[in-house]
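Undergrad: Once you've had a glance at the structure underneath, I'll fire off some questions.
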Amino acid sequence: MKLHVRSRHSLARLATLPAMALALTGAEAPVLVPDVSQRQIDIQYSFRGAELLLFGAIVYPGGRPPDKRADIVVVLKGPEQQIRMREKRQVAGIWVNADSMQFQSAPSFYAIASSRPIKAITDARTAAIYELGIDNIQLSPTSFADTDEIARFERGLEDLQARKGLFVQAPGTVEITDGVLYRAHLPLSARVLVGDYTAETFLIQDGRVVAAAVRDIEVRKSGLERFVASAAEDWSLLYGLAATGVAVLMGVLAGWVGRRV
């Protein structure tokens, strides 16, 4: 059962785990210097999605990469949200709602790219700790149902989000040049929510995460969409009165046109 909820503070602590482990062993830790092609994404009525370039460098102690192979995993994650999944069941030829389950902290968007398939890079335990892969997303179900039922709803949620383009996996697409430079492209669906996103980068050697870094990305509405959203939030009473007035005016106009035709 997946019952862990991560906050921004816990994410920061998670990023320090590789450095702490290397410090305990007396080894010097490599450092990731990541960046993204866009730190701010504006959504307008014509927004059809975007493609982000996640790139950066690996800085090794002494300036030379080790002989051991290193792998890079990048994860683009959107704000968490509560999602209720419902099953449809056919009763007397009619499809009706049946069982349901609520997930407390499902990411609204999740995309991952890696230099190799995750199973070839690290073990299942490490992948679960760092949420590497759609199967390892910690969804935090609120139900006390049995494990099989929870797993069934989790698979349903993952399949639904994947079909919407909100859960994306791209194994083997991270390019590493000379062992120090890396780059990866990840799509951002046109259905994404506005909010704060994170681009996480992990450096993995011998199955262990030895370095991690995070970059923040802001997805926001712009133009008329931003004005309307701000008005609805900041001046809710005036916005409601204006919306009601516009609806009444449109109704009167439609009636006048109907009488003239």
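The values are calculated or read from the model by the stated rules, or taken from the named source; none is laboratory data. From a predicted model like this one, the values you see are computed outputs, not experimental measurements. Neighbour counts are summed over all protein chains in view; Cβ atoms, including those assigned to glycine, are modelled from backbone coordinates with ideal geometry. Side chains included, ligands, DNA and RNA excluded: accessible areas come from the protein's heavy atoms. Shrake-Rupley method; radii C 1.70, N 1.55, O 1.52, S 1.80 Å.
Undergrad: Can you find a residue that is assigned by TED's automatic domain parsing to the domain that holds Ala120, farther than 21 Å from Gln82 by Cβ and in a helix (DSSP H, G or I) anywhere in segment 181-201?
TA: The answer is no; no qualifying residue exists.
Undergrad: Follow-up. So how many residues does segment 28-53 have that are in contact (Cβ under 8 Å) with a residue 60 or more places away in the chain and either surrounded by fewer than 16 Cβ atoms within 10 Å (Cβ to Cβ) or in contact with an Asp or Glu (Cβ under 8 Å, 6 or more places away or on another chain) (or both)?
TA: The number of residues fulfilling the criteria is 14.
Undergrad: Does Thr173 satisfy the condition of being part of a loop (DSSP other than H, G, I, E, B), modelled with pLDDT of 95 or more and assigned by TED's automatic domain parsing to the domain that holds Tyr45?
TA: Criteria met by Thr173.
Undergrad: Check Asp135, Asp99 and return the single one that is in a helix (DSSP H, G or I) and touching a residue at least 12 places away in the same chain (Cβ under 8 Å).
TA: Asp135
Undergrad: Go through (1) open to solvent by less than 70 Å² (accessible area, probe 1.4 Å); (2) in contact with a strand residue (DSSP E or B) (Cβ under 8 Å, 6 or more places away or on another chain); (3) not acidic (Asp, Glu) one by one and return the number of the condition Arg69 breaks.
TA: Of everything listed in (1) open to solvent by less than 70 Å² (accessible area, probe 1.4 Å); (2) in contact with a strand residue (DSSP E or B) (Cβ under 8 Å, 6 or more places away or on another chain); (3) not acidic (Asp, Glu), Arg69 misses just condition (1).
Undergrad: For Val180, state whether it is modelled with pLDDT under 95 and open to solvent by less than 50 Å² (accessible area, probe 1.4 Å).
TA: When the stated conditions are applied, Val180 passes them.
Undergrad: Then there is this: Inside segment 130-174, can you point out the residues that are closer than 18 Å to Thr198 by Cβ and touching a Leu at 6+ places or on another chain (Cβ under 8 Å)?
TA: Hits for segment 130-174 are Tyr130, Gln138, Leu139, Ser140, Val168, Ala170.
Undergrad: Quick one: how many residues across segment 107-135 are open to solvent by 10 Å² or more (accessible area, probe 1.4 Å), over 14 Å from Asp159 (Cα atoms) and in contact with a helix residue (DSSP H, G or I) (Cβ under 6 Å, 6 or more places away or on another chain)?
TA: Total meeting the criteria: 2.
Undergrad: Follow-up question, since we're still on this one. Which members of segment 183-196 meet the condition of being surrounded by 14 or more Cβ atoms within 10 Å (Cβ to Cβ) and among the small types (Gly, Ala, Ser)?
TA: Residues satisfying the conditions are Ala184, Ser189, Gly195.
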